[in-house]
Amino acid sequence: MPSLKDLKNRIASVKATQKITKAMKMVAAAKLRRAQEAAEAARPYSQRMASVLANITAAVSDADGAPLLMTGTGKSDVHLLVVCSAERGLCGGFNSQIARFARDHVRKLLAEGKTVKIFTVGKKGYDILRREFASLIIERKELREVKKIGFENADAIGKRIIEMFEAGEFDVCTLFYSEFKSVISQVPTAQQLIPASAPAVVQTDDAHKGAVYEYEPDAASILADLIPRNISVQIFRALLENVAGEMGAKMSAMDNATRNAGDMINKLTLNYNRQRQAQITKELIEIISGAEAL
């Protein structure tokens, strides 16, 4: 049984931890608001670009001059999985959910006889996946030093992926990230980047429904410039969604940790008081017994 001093030291230690988790919760809450606003602001642009891409793709779907990024290599033997995760922990199961989702996809592809290559963005995803698929990880990118995610960070990743595709290192590229829904809900998502899948055309205005578009210089040239930009935009959106999801998960995890610390303090205090009372009672009995013996 621990002594009174040990219990007192443990109570002080848990109280110090509780202060830390409470402070981290408040910091995550402040960062969450900005991250959520950034993620939500990126969605309309991403969706509109997807709509424009769908319109142009429909115009050149049967053309011979369509870019290779859209048509693909005609094979699906080698798959590149770009797994985006957080740089730091203490955010509950946020990173493990993304890694588990990607890991299941890797196992499925390997079972089908495909060759799999992994490109990790974020330290935690790399740390988790290397335990089982260290030989499949061909490249890693960490953004720990980046205080605020910018488009240039996503563009550098997008250009590197395109370089690998043009070098013939893979046939299909899929992006894995966590879509932010709410503080307690982040949904692991997979999105194909290459070949660029043609999304459904979203009509936001009935006046433009069924309109015929003319492209200058031509649709194929526009796609050659638009598809690489769209890849960077989708990666940028994924990174922003991840930041918002990480802050939401961290806020929830630190709130739970603070509550658990409070419960532990209550239990330890109850133990301390009981043991202290027992010791006082024992000392009183010894004093009374000694007095009676005289």
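The values are calculated or read from the model by the stated rules, or taken from the named source; none is laboratory data. Fair warning: this is a prediction, and the values are worked out from it, not measured in the lab. Quick reminder, even Gly has a Cβ in these numbers, built from the backbone with ideal geometry, and neighbours come from all protein chains shown. Each accessible area value is taken on the protein alone, full model and side chains, heavy atoms only, with ligands, DNA and RNA left out. Shrake-Rupley method; radii C 1.70, N 1.55, O 1.52, S 1.80 Å.
Couple of notes before you dig in:
- Once the Cα-Cα distance is subtracted from the 0.36 nm per residue extended length, the K141 to A111 segment shows a gain of 8.1 nm.
- With a simple spin-label model that places each label point 7 Å from the Cα along the Cα-to-Cβ direction, the separation between R10 and A30 comes to 3.4 nm.
- Only protein atoms count toward the accessible area here, which uses a 1.4 Å probe; on the chain, the carbon and sulfur part of that area reaches 52 percent.
- Each DSSP beta bridge with both residues in the chain is either parallel or antiparallel, and the antiparallel ones are about 35%.
- Dipole magnitude of segment 40-162, debye to nearest 20 (Cβ charges: Lys/Arg +1, Asp/Glu -1, about Cα centre): 540 debye
- Angle between the chain longest axis and helix 94-111 axis [Cα atoms, degrees, rounded to 10]: 50 degrees
- Around the amide H of I118, modelled in the peptide plane, lie the amide H atoms of L81, I137, I138, E139, all under 5 Å away and 5 or more residues distant in sequence or on another chain.
- Dipole magnitude of the chain, debye to nearest 20 (Cβ charges: Lys/Arg +1, Asp/Glu -1, about Cα centre): 2020 debye
- Computed extension gain for R43 through I149, at 0.36 nm per residue and net of the alpha carbon distance, reaches 36.6 nm.
- Most to least packed among 37-47, 231-241 [average Cβ atoms within 10 Å]: 231-241, 37-47
- Solvent exposure of segment 11-170 amounts to 55 Å² per residue of accessible area, where only protein heavy atoms count and the probe is 1.4 Å.
- The average projected area of the chain, computed from the convex hull of its Cα atoms over all directions, is 22.2 nm².
- Sequence-distant lysines (8 or more away, or on other chains) whose Cα lies within less than 22 Å of K114: K75
- Listed residue pairs exceeding 30 Å between alpha carbons, taken from K8/K123; K22/K117; K8/K124; K31/K108; K22/K267: K8/K123; K22/K117; K8/K124; K31/K108
- Taking a ≥ b ≥ c as the square roots of the eigenvalues of the alpha-carbon gyration tensor, segment 126-202 is classed rounded because a/c is under 1.5.
- Helix 4-60 axis, angle to the chain major axis (alpha carbon atoms, nearest 10°): 10 degrees
- Taking amide H as placed 1.01 Å from N in the peptide plane, C173 has its amide H under 5 Å from the amide H of L80, L193, I194, each at least 5 places away in sequence or on another chain.
- The angle between the Cα long axis of helix 151-166 and the main principal axis of the chain comes to about 60°, on a 0 to 90 degree scale.
- Once the Cβ-Cβ distance of E283 and N256 is raised to the sixth power relative to R0 = 45 Å, the FRET efficiency obtained is 0.65.
- R0 of 22 Å, Cβ-Cβ distance T17-N273: FRET efficiency to nearest 0.05: 0.55
- Using just its DSSP H runs of length 4 or more, each adding -39500 (n - 2.57), the chain gives a mean residue ellipticity at 222 nm of -22000 deg cm²/dmol after division by all residues.
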